[in-house]
Amino acid sequence: MELDSKCPTGPIETRWDRHRFNLKLVNPANKRKHTIIVVGTGLAGGSAAASLAELGYNVKCFCFQDSARRAHSIAAQGGINAAKNYHNDGDSVYRLFYDTVKGGDFRSRESNVYRLAQISLNIIDQCVAQGVPFAREYSGYLDNRSFGGAQVSRTFYARGQTGQQLLLGAYQALERQIGTGQVQMFPRTEMLDLIVIDGRARGIVTRNLITGSVESHLAETVVLGTGGYGNVYYLSTNAKGCNATAIWRAHKRGALFANPCFTQIHPTCIPVSGEYQSKLTLMSESLRNDGRVWVPLKKGDHRPASQIPENERDYFLERKYPSFGNLVPRDVASRNAKSACDEGRGVGESGLAVYLDFRDAIQRLGKPVIKERYGNLFDMYERITGEDPYQAPMRIFPAIHYTMGGLWVDYNLMSTIPGLYVIGEANFSDHGANRLGASALMQGLADGYFVLPNTINDYIAATKLEKIDTAHPAVKEVESQVACVTRRLLEIKGTRSVDSYHRELGKLMWEYCGMSRTAEGLQHALSKIPEMRDRFWHDVKVLGAGEELNQSLEKAGRVADFFELSELICLDALDRNESCGGHFREEYQTAEGEAARDDDRYSYAAAWEFRGVGNPPALHKEPLSFEYVHPTQRSYK
């Protein structure tokens, strides 16, 4: 299969505008003749559904939560990047483009990233017009702060709840369209499969999570904005409901899955405190603006932080990376925190934590200023740990947070299945091997508000589709397959809970395909996963019945998909014999312990084709070229 990215050529500054001009349009009066399915109501899905309905399309929108505004985008804390240069500190569209390509360790498409940097300017204007309450300076101008991987202040924020405020803006726009009748909303409804007819995406099969009823929904195009797959690791900063079922089942229908091993470890999370935990809690990267990361100089120093004098502390990020200090990118900060703990200098009872200390910032700025900037984050930390971060340093440790991999899409955001578009974290397109902080919200809203509403017209205008209904044989076949999987899960009646299998898989993945990886460890994981998957399908205990509210059944289907996806993640990590961004192979590192890329052999996006459970997938490569930001060894020193 030849992958055509459809990236335009010519000067990068004008590529998106010229590309948009060359796309076919749909007459406003004709848009109401077409139906589009949008799965997911986070920043990508919610903004896309609202924007497409505003254009005049009939939209069917689905989410498994009880309300569209409960999508996991609501949990984003720190901010959203945009190259407005309000601080007059040297920022520009080109600098945001450069920082993002470099931050992704040169494993992303230049055309996509430049478009993202351009559109960032429009996003802020859009959100301000919606009434999003961004923080402002005393003068009334929008305020900015810094995030990792940048030496300018370009991150717009609303205290520590930026995702919530942005999502409420998209939710308002979506609710307006629901009110006009342009959007038909289906809450508490989970997509279980993709309907493909004559090689094109034509609809989805869903399960009503309240009644258990299985239904088919048809349209001219399907849009997936269902987020990432970080919960394959069990313990992550994702909400427990986050899953990969929509994108994985689309993958099994023919959509290639790109760069699955590119998973992001966030350096500032509250450490694991016991086996009883089912998720982890993020502490925003914005805290690294004023917090200083350190560990004791001496191995095994278990004194309280207040008793360790300044000359016996190692501010290791400031020491190793003087130009960026505590604001190095997430992959760099995470690896260094792990290294300090591996040396025996970790803090806390487990020794798997480092300090994030605000003492100096409080002395310099005063407690009221710190409280104004981070008050809700400090309150959250104290409620969870019982420790006051105004009095003692926070303890943090890296955790799974985001996934840069996802379904492969071209420049128009279409997957390898014609008519299937994938947006936001569900696709692979913009961040390469490592996402910079505050760029997820930027990509989600860029895709939903500005990119997809332009590109989807071209497919609809150029494609003549036969009219079908739910009686079509292909629809009935997919419904039958969905029912078969449900029946199979319910009939196992084994001895172990779904969560116990998920926890076992997550531990294996974190140990052998987490923050650092080796060929030996990945081969071990690949030998264990099929055996664990087989045990799951013979001994899992799924409670209840299919025709009712059944969370045990919901989780079982999602974990079954995680078992298959985890195998692909490990296979991709084993196949990529280099280190880049969040993919760190211990065999491939510089003398200073940094990631060592192999641009001659691995400067491509790895797109995998499903060939059946237990069968090796086929690898397809999309070569990456760099005309503007030439690959070098990343340095943040």
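The values are calculated or read from the model by the stated rules, or taken from the named source; none is laboratory data. As the structure is a prediction and not an experimental result, all values here were calculated from the model. FYI the Cβ positions are ideal-geometry reconstructions off the backbone, even for glycines, and counts take in every protein chain you see. To get the accessible areas, we keep the full protein, side chains included, count just its heavy atoms, and leave off ligands, DNA and RNA. Shrake-Rupley method; radii C 1.70, N 1.55, O 1.52, S 1.80 Å.
Taking N as the number of residues in the range 350-408, what is its Cα Rg relative to 2.2 N^0.38 Å? Can you show the working numbers first?
Values: Rg = 14.9 Å, N = 59, 2.2 N^0.38 = 10.4 Å.
Against the compact-globule rule of thumb, the ratio is 1.43.
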For the pairs LYS6/LYS464; LYS24/LYS464; LYS240/LYS279; LYS102/LYS338; LYS31/LYS467; LYS252/LYS279, flag any whose C-alpha to C-alpha distance is greater than 18 Å. LYS6/LYS464; LYS102/LYS338; LYS252/LYS279
How much of the DSSP beta bridge set in the chain is antiparallel, as a percent to the nearest 5? 70 percent
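At 222 nm, what value in deg cm²/dmol follows for the chain if DSSP H runs of at least 4 each add -39500 (n - 2.57) and the sum is divided by all its residues, to the nearest 500?
Working: 18 runs with 231 residues, N = 637.
Counting only the DSSP helices, I get -11500 deg cm²/dmol.
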What percent does the relative contact order of the chain come to when contacts are Cα pairs within less than 8 Å and at least six residues apart? 20 percent
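If you take every residue apart from LYS298 with its C-beta less than 12 Å away from the C-beta of LYS298, what net charge results, scoring Lys and Arg +1 and Asp and Glu -1? Could the numbers behind the result be given before it?
On the way: positive: LYS299, ARG303, ARG313, ARG345; negative: ASP301, GLU312, ASP314, GLU343.
That sum, taken over residues with Cβ under 12 Å, equals 0.
Please state, as a whole number in µm²/s, the translational diffusion coefficient that the Stokes-Einstein equation yields for the chain at 25 °C and 0.890 mPa s, with Rh defined as the Kirkwood radius across alpha carbon pairs.
Working: Rh = 24.9 Å.
Rounded, D is 99 µm²/s.
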Cross-link reach from LYS84 to lysines, straight Cα distance under 19 Å and at least 8 residues apart if same chain, gives none
The range 121-206: spread of alpha-carbon positions along the three principal axes, whole Å, largest first, is 56, 34, 23
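Can you give me the convex hull volume of the Cα atoms of the range 473-600, divided per residue and expressed in Å³?
On the way: hull volume 17.3 nm³, N = 128.
About 135 Å³ per residue, rounded to a whole number.
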Excluding same-chain pairs closer than 8 in sequence, count the lysine pairs in the range 473-600 whose Cα atoms lie under 21 Å apart. 7
On a 0 to 90° scale, report how tilted helix 110-130 is relative to the longest principal axis of the chain, with both axes built from alpha carbons and the result rounded to the nearest 10. 90 degrees
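With Cβ to Cβ distances under 12 Å as the rule, what net charge do the other residues near THR495 carry (K, R +1; D, E -1)? Don't skip to the end; give the middle numbers.
On the way: positive: LYS493, ARG496, ARG535, LYS541; negative: ASP539.
Value of the local net charge: +3.
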With every protein chain present, what accessible area does ARG364 have (1.4 Å probe, heavy atoms only), rounded to the nearest 10 Å²? 150 Å²
Convex hull of Cα atoms in the range 338-496, direction-averaged projection (nm²): 17.3 nm²
With every protein chain in place, the chain: carbon and sulfur % of accessible area (1.4 Å): 49 percent
Let me cross-check TYR171: its accessible surface, 1.4 Å probe, with only protein heavy atoms counted, in Å² to the nearest 10? 50 Å²
Considering only DSSP beta bridges where both residues belong to the range 497-637, give the percentage that are antiparallel (nearest 5). 90 percent
Mean Cβ neighbour count within 10 Å, used as a protection proxy, ranking 43-51, 292-300, 526-534, 257-265 highest first: 43-51, 257-265, 292-300, 526-534
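Of the peptides 316-327, 562-573, 490-501, how do they stack up when ordered by the mean number of other Cβ atoms within 10 Å, highest first? Don't skip to the end; give the middle numbers.
On the way: 316-327: 17.6, 562-573: 23.4, 490-501: 14.9.
Answer by packing, highest mean first, reads 562-573, 316-327, 490-501.
Taking N as the number of residues in the range 268-400, what value does Rg over Cα atoms divided by 2.2 N^0.38 Å take?
Working: Rg = 13.9 Å, N = 133, 2.2 N^0.38 = 14.1 Å.
Compared with the compact-globule rule of thumb, the range 268-400 sits at 0.99.
Ranked highest first by average number of other Cβ atoms within 10 Å, how do 392-398, 133-139 line up? Let's see the in-between values first.
Details: 392-398: 23.6, 133-139: 11.7.
Peptide ranking by packing, descending: 392-398, 133-139.
Net charge near TYR411, counting Lys/Arg +1 and Asp/Glu -1 over other residues with Cβ under 14 Å of its Cβ? All intermediate terms of the calculation are to be shown ahead of the outcome.
Values: positive: LYS6, ARG15, ARG18, ARG20, ARG109, ARG115; negative: ASP4, ASP17, GLU110, ASP410, ASP430, ASP447, ASP458, GLU622.
That sum, taken over residues with Cβ under 14 Å, equals -2.
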Could you rank TYR381, TYR141 by how accessible they are, 1.4 Å probe, largest area first? TYR141, TYR381
